[in-house]
1. Go through region 294-307 residue by residue and tally those that are within 20 Å of the chain's Cα centre (by Cα) and surrounded by fewer than 20 Cβ atoms within 10 Å (Cβ to Cβ).
2. Of the residues that sit in region 85-110 and are without any contact (Cβ under 8 Å) to a residue 24 or more places away in the chain and basic (Lys, Arg), which one is farthest from Glu126 (Cα to Cα)?
3. With Ala141, Ala127 as the choices, which residue is modelled with pLDDT under 90, open to solvent by less than 20 Å² (accessible area, probe 1.4 Å) and either in contact with a strand residue (DSSP E or B) (Cβ under 6 Å, 6 or more places away or on another chain) or among the aromatic types (Phe, Trp, Tyr) (or both)?
4. Consider Lys82 carefully, then state whether it is basic (Lys, Arg), over 20 Å from Leu121 (Cβ atoms) and within 29 Å of the chain's Cα centre (by Cα).
5. When you check Ala231 against the structure, is it more than 19 Å from Phe192 (Cβ to Cβ) and either open to solvent by less than 40 Å² (accessible area, probe 1.4 Å) or at pLDDT 95 or above (or both), yes or no?
6. Please go through (1) buried (at least 16 other Cβ atoms within 10 Å of the Cβ); (2) outside any loop (DSSP other than H, G, I, E, B) for Thr244 and return the number of the only condition it doesn't satisfy.
7. How about region 189-201: which of its residues are surrounded by 20 or more Cβ atoms within 10 Å (Cβ to Cβ) and in a strand (DSSP E or B)?
8. Please find, within region 155-179, the residue that is surrounded by the fewest Cβ atoms within 10 Å (Cβ to Cβ) out of those that are among the charged types (D, E, K, R) and outside any loop (DSSP other than H, G, I, E, B).
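The values are calculated or read from the model by the stated rules, or taken from the named source; none is laboratory data. Since the structure is predicted, the reported quantities are computational estimates derived from the model, not experimental observations. Glycine gets a Cβ as well: all are built from the backbone with ideal geometry, and neighbour counts include every protein chain shown. What goes into the accessible areas is simple: the full protein's heavy atoms, side chains included, and nothing from ligands, DNA or RNA. Shrake-Rupley method; radii C 1.70, N 1.55, O 1.52, S 1.80 Å.
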Amino acid sequence: MKKLVLFSFAFLCSSLLVIPTNDAAAIVQGPKGTQVVVNNNDLDSKDILNKNNQVFFSLTSLKSLGGLTFAWNNTTKQVTVKGSDTNLQLTMNKKVAQKNGNSVSLSTAPFIHNDKTMIPLRFVAEALDGSVTWNQKTQTAFVSKPSTKLLTDIKSSELSTARNAAINLPRVSQLTEDFEASVEAASLQYYFPENTKDRFIEVNNNVIRYYQITKNTAYLKWQAFISEKAAKQDNLYFLNRSFTKENGSLPNFKDTTFANFRWMPHITSTGYGLINKENWNDVVFKEAEVPESDVKENYIIVDIPED
């Protein structure tokens, strides 16, 4: 049963934006070698290797692509990868793999490095039906393969279901920098234009990002650091802070009505309401408790009857 609580939008914003007192605390990710992001999970540097101008990463780091399991045969130097719809066999130093009984050619043979099976970046597309996007500016590879559930839910006619899928789809950035929040916020805010599911704004402490959904991937189109300095924002009218740095391109939202959600993990509840530039500071939000099963899926967007 949903538990409803009322609170004001002004309080909601003030409690979310825990802005550092020093703007220098904002973090821009600088050059630090090749990075690999697998379905929104950053790989540890020890799982990434550059060799002969190619990027390799450890096979077991692909677990987030869909509950894969791995078995090693030391006699044949072969690893077996199993998933819900995948049965893959890889032999070290051989460029031909077996996928569900069929031969698959690989661009580069897998090999052992520091007791890890290393595979070429393109392996995901070649053998696991995923995709790889390379960001030259940030030296980051984004490895993506949405789950069957996300692919189904993003098409749902239920807005809350489709929106939950949207915020969980693999994310990709082709922007020139990578902005990171100074600290993780105690809550996250999401803004979807009214009656839409294919674009959203996310606020995480002192970083705000705008995403657009294309071909089952959430592409980062714009990002900014939010400062502690008060300022009026004509476009993003619901923010009363200035931006210290921006990157990318943001559409015109000044006349847009938003479905606004605030996820509060410490009480497993989501605040929600519809806002526009006339009423945003006076809207009384409701709060819905999110079932544990939905929390585990990160399905924290709830229904707004008026939306």
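1. Residues flagged as within 20 Å of the chain's Cα centre (by Cα) and surrounded by fewer than 20 Cβ atoms within 10 Å (Cβ to Cβ) within region 294-307 amount to 5.
2. Looking at the filtered set, the residue picked out is Lys94.
3. Answer to the selection: Ala127.
4. So Lys82 fits the description; yes.
5. yes
6. Here Thr244 clears every test but (1).
7. Within region 189-201, Gln189, Tyr190, Tyr191, Phe192, Phe200, Ile201 meet the criteria.
8. Residue satisfying both the conditions and the ranking: Arg171.
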